[in-house]
Amino acid sequence: MVDLLSQYEKIQDQVDQAITNVVRSSAYINGPEVKSFQAELEEYLGVKHVIPCANGTDALQIAMMGLGLRPGDEVITATFTYVATAEVIALLGLTPVLVDVDEDTFGLNPEQVKAAITDKTKAIVPVHLFGQCADMEAVMTIAKEHNLYVVEDTAQAIGADYKFTDGSQKKAGTIGDIGATSFFPSKNLGCYGDGGAIFTNDDDLAKKLRIIANHGQTVRYYHDMIGVNSRLDSIQAAVLRCKLPHLDTYNTNRRKAADFYDAAFADVPELKTPVRAANSSHVFHQYTLQLADAVDRNALVEYLSSKNIPAMIYYPVALHMQKAYQDERYQEGSFPVTERLVSRVFSLPMHSELEEEQLTYITTEVKNFLKNQKS
Ligand SMILES: *Cc1c(COP(=O)(O)O)cnc(C)c1O
């Protein structure tokens, strides 16, 4: 699905040197690389504060903790997402309130968000799934009207631009009160292990988030809040500093691969290619298609696998149908769009290093399978 080795080889000398420098400096924790990366990412995103942390799940958890949410508070998020989003809500004793998504963009449905708001609602967590922003203009309008926090889960959309109707533009993750991202190796900006970060333009909130990520301590051994231990390693920060200048190129390469797939599948009635939202650029963390009902998805995935083409199902089960998240408020049928999507979506290889030859091979084999099915 991803080719991290080819990507590394293109910047190998620089990365090797950067890692060696950290090892030789012995500043493994909170070294200067972390501070430099923080400043460079702030600059890239056009956001006042970046708080690096250990991974994307922590980023989401620290964000919720920073908002001072209390057990029983309700947090609205999409049922079509990676589990981390709901996991941290549940872990903190908050109540996840799920809504369905838009069948074209996979972003949470603003009408359903509105309908889900109660006296207990405190926050909305839009997920920028597969690399394009949810309908943030609508989300921000609703949040303002009801005085709710917005935490963007931008683990899959770093570098995407969102355009408002007044023409202004912001980077994914810098629109709401807080953005949370992940530097997991396969993400669009990935390190060589785990990593994550939180973004905010709010000075007070930034201070609090930094304290929470560092055991709740303001001065060493003085703990004003209950916090967590969540740090970005210096080595990972050094790797990210090498890769950040290439992020836009990586995302452009992903878009080019997506263009190739789009064109190859344009005349294939069994496939619905990803719909690009009018107000968000797409950084294609995943290239996710919808397969017509008549086609056997498992057979397609197996066929591709037999041709050495990895195809993945993101995600096979909606959150409200997961064992751990069973809830009497939701049953099968509660969220028809997501329930249909989880049975029909599949994702093809997507990364910054895809060559035309590979793309031709992949698209040809997908079409071969569909032709054989018909005959
Ligand atoms: C990857 C991901 C996360 C979690 O990131 P980790 O670094 O793996 O903890 C959260 N939300 C979404 C949507 C993700 O894709």
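Give ALA311, ALA237, ALA266 a once-over and let me know the one that is in contact with a Ser or Thr (Cβ under 9 Å, 6 or more places away or on another chain), under 22 Å from TYR82 (Cα atoms) and not aromatic (Phe, Trp, Tyr).
The conditions single out ALA311.
Is at least one residue of the range 38-50 in the same structural domain as LYS122 (by TED's automatic domain parsing), at pLDDT 95 or above and within 16 Å of the ligand (Cβ to nearest atom)?
For the range 38-50, residues in the same structural domain as LYS122 (by TED's automatic domain parsing), at pLDDT 95 or above and within 16 Å of the ligand (Cβ to nearest atom): present.
Do the conditions hold for ALA277, that is, is it crowded, with 17+ Cβ neighbours inside 10 Å, outside the structural domain of ARG24 (by TED's automatic domain parsing), outside any strand (DSSP E or B) and in contact with a strand residue (DSSP E or B) (Cβ under 8 Å, 6 or more places away or on another chain)?
Considered against the rule, which asks whether it is crowded, with 17+ Cβ neighbours inside 10 Å, outside the structural domain of ARG24 (by TED's automatic domain parsing), outside any strand (DSSP E or B) and in contact with a strand residue (DSSP E or B) (Cβ under 8 Å, 6 or more places away or on another chain), ALA277 comes out as yes.
Out of LEU240, LEU209, I need the residue that is modelled with pLDDT of 95 or more, crowded, with 23+ Cβ neighbours inside 10 Å, within 16 Å of the ligand (Cβ to nearest atom) and farther than 30 Å from GLN373 by Cβ. Which one?
LEU240
Conditions first: (1) under 23 Å from GLU103 (Cβ atoms); (2) surrounded by fewer than 16 Cβ atoms within 10 Å (Cβ to Cβ); (3) under 21 Å from the mean Cα position of the chain (by Cα). THR288 passes all but one, so which condition is the exception?
(2)
Exactly one condition in (1) within 22 Å of the chain's Cα centre (by Cα); (2) away from the ligand (no atom under 14 Å from the Cβ) is not met by ARG220; state its number.
Of the numbered conditions (1) within 22 Å of the chain's Cα centre (by Cα); (2) away from the ligand (no atom under 14 Å from the Cβ), the odd one out for ARG220 is (1).
If only one of LEU354, LEU370 is surrounded by 20 or more Cβ atoms within 10 Å (Cβ to Cβ), more than 19 Å from the chain's Cα centre (by Cα) and outside any strand (DSSP E or B), which one is it?
Only one candidate passes the filter, namely LEU354.
Is there a residue being in contact with a His (Cβ under 9 Å, 6 or more places away or on another chain) and on the phi > 0 side of the Ramachandran plot anywhere in the range 111-124?
No, every residue in the range 111-124 fails to be in contact with a His (Cβ under 9 Å, 6 or more places away or on another chain) and on the phi > 0 side of the Ramachandran plot.
The values are calculated or read from the model by the stated rules, or taken from the named source; none is laboratory data. Since the structure is predicted, the reported quantities are computational estimates derived from the model, not experimental observations. Every residue, glycine as well, gets a Cβ built from its backbone with ideal geometry; the counts of neighbours run over all protein chains shown.
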